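Structure first, commentary second.
Please treat every number below as a calculation from the coordinates, not as lab data. Because the structure is predicted, anything quoted here is derived from the model rather than measured. Backbone-built Cβ (ideal geometry, glycine too); neighbour counts: all protein chains shown.
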Amino acid sequence: MSGLLGAAEIREIAERIGLRPTKKLGQNFVVDANTCRRIVKSAEVGPTDVALEIGPGLGSLTLAMLESASAVVAIEIDDRLAGELPITVAKHGFDIRKLTIVNQDAMEVATLPIDPTVLVANLPYNVSVPVLLRFLELFPTLNSGVVMVQSEVADRLVAKPNTKNYGSPTVKANWWADLKSAGTVGRSIFWPVPNVDSSLVRFVRHAPAGDESLRLQTFRLIDAAFAQRRKMLRGALAEVCGSSAAASDLITSAGIDPTLRGEALELSDFIKIAITLSK
Ligand code: SAM
């Protein structure tokens with residue numbers, strides 16, 4: 001059998017392995033081959049790439065990735081899906097040696113057998129932001145990627161300052177990469193049909209703005225600023241800086257107005273405050 005997975009085959013595999021998709025694991029499978037090819041194309045997966053997939057499920061995207069990449073690493077938490085994937089891959093005529101399956105919770109993966117260069121994933125909805133941030137942090141070889149996430153999450157990842165969607169996920173993701181919206185995906189291409197809309201986000205890694213200690217300090221400030229996002233910065237950062245007066249002095253000497261709210265600051269502003277705080 002050649003080609004990619006279609007709706008009928010997906011139902012057939014699910015029935016055969018007794019799979020009842022669960023909300024808890026965000027199991028909504030793509031049943032449309034064109035959408036899979038579109039996602040892999042927008043990720044610009046090429047013949048020298050090692051593609052990483054988080055949550056391959058029944059393999060819809062995995063097969064599309066195998067058409068383009070030199071190798072694919074797929075991390076799947078569900079034992080039955082991880083067990084069935086090599087069978088599906090072989091049945092569709094792909095070289096099984098190109099695929100490495102890691103049957104683990106992505107939030108617990110700390111190393112991989114091969115360094116991935118590109119991430120392509122229809123991320124499980126409940127862990128999409130932490131998984132994305134974790135893999136950007138752990139695997140510096142990951143240069144770019146396209147992730148499918150709930151539209152609400154996509155809006156947050158690409159938000160601009162001073163908007164309601166702008167928050168800690170936006171600023172933290174910006175530490176690692178430039179992110180932009182790569183279109184929406186209709187609900188009807190999933191089985192089961194989810195009750196939320198999905199969107200694609202493309203990212204390209206950029207050079208880090210500083211070392212690990214600066215990142216940790218910056219992330220601490222971001223967490224504090226957005227934990228109390230209605231407060232002025234001097235109030236929101238009071239605990240991290242010792243007092244509201246100390247926070248006010250520090251923010252001012254970083255060249256930033258302490259009466260602003262965190263949502264007005266770009267990543268570079270948080271970095272300026274973190275550098276001043278470290279001095
Ligand atoms: N990529 C497939 C597709 O597009 O049809 C499936 C995507 S489905 C939205 C999410 C997949 O992630 C499921 O296969 C689910 O079992 C898996 N998953 C959920 N939580 C996970 C975790 N913490 N680590 C790894 N895989 C996970």
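Descriptive notes on the structure:
- Rounded, prolate or oblate (a/c below 1.5 giving rounded, otherwise prolate when a/b exceeds b/c) for region 32-157 by Cα gyration tensor: rounded
- For the chain, a Gaussian network of Cα nodes joined below 10 Å ranks ARG156, ARG202, ARG20 by mean-square fluctuation, and the top entry is ARG20.
- Among the trypsin sites (Lys or Arg not before Pro) found in region 1-91, those both in a DSSP coil and sparsely packed, with 10 or fewer other Cβ atoms within 10 Å of their Cβ, are LYS24.
- Springs join every pair of Cα atoms under 10 Å in this Gaussian network model of the chain, and among THR252, THR117, THR218 the largest mean-square fluctuation is at THR252.
- Restricting the calculation to Cα atoms, the chain shows an Rg/Rh of 1.04 when the hydrodynamic-style radius is the Kirkwood one.
- Residue order, fewest to most surrounding Cβ atoms within 10 angstrom, among ILE10, ILE77, ILE87: ILE87, ILE77, ILE10
- Just checking the listed ones, LEU216, LEU267, LEU119: in the Gaussian network model of the chain with Cα springs under 10 Å, the one fluctuating most is LEU216.
- Using a Förster distance of 45 Å, the FRET efficiency for ASP115-ASN162 (Cβ separation, nearest 0.05): 0.75
- The modelled label-to-label distance for the pair ARG80/ALA7, using points 7 Å beyond Cα in the direction of Cβ, is 2.2 nm.
- The calculated P(r) of region 182-259, using every Cα pair and 5 Å bins from 0, goes 3, 13, 14, 15, 10, 10, 10, 11, 8, 4, 2 in percent.
- Where a label projected 7 Å from the Cα of ARG16 along Cα→Cβ would reach, residues of region 81-108 with amide N under 18 Å: 81-96
- Pairwise label distance in nanometres, VAL204 with LYS231, each label 7 Å out on the Cα-Cβ vector: 3.9
- Those lysines that a straight Cα-Cα span of less than 30 Å connects to LYS231, excepting residues fewer than 8 apart in one chain: LYS160, LYS164, LYS172, LYS180, LYS272, LYS279
- Whole-angstrom gap from region 2-37 to region 178-237, using each part's C-alpha centre: 28
- The simple spin-label model puts a point 7 Å past each Cα toward its Cβ; for ARG97 and SER278 those points are separated by 4.6 nm.
- Relative contact order (%) - the chain, alpha-carbon pairs under 8 angstrom, separation at least six: 15
- Taking amide H atoms as placed 1.01 Å from N in the peptide plane, the amide H of ASN28 has no partner under 5 Å among residues 5 or more positions away or on other chains.
- Those residues of region 13-52 whose amide nitrogen sits under 14 Å from the label point placed on ALA90, 7 Å along Cα→Cβ: none
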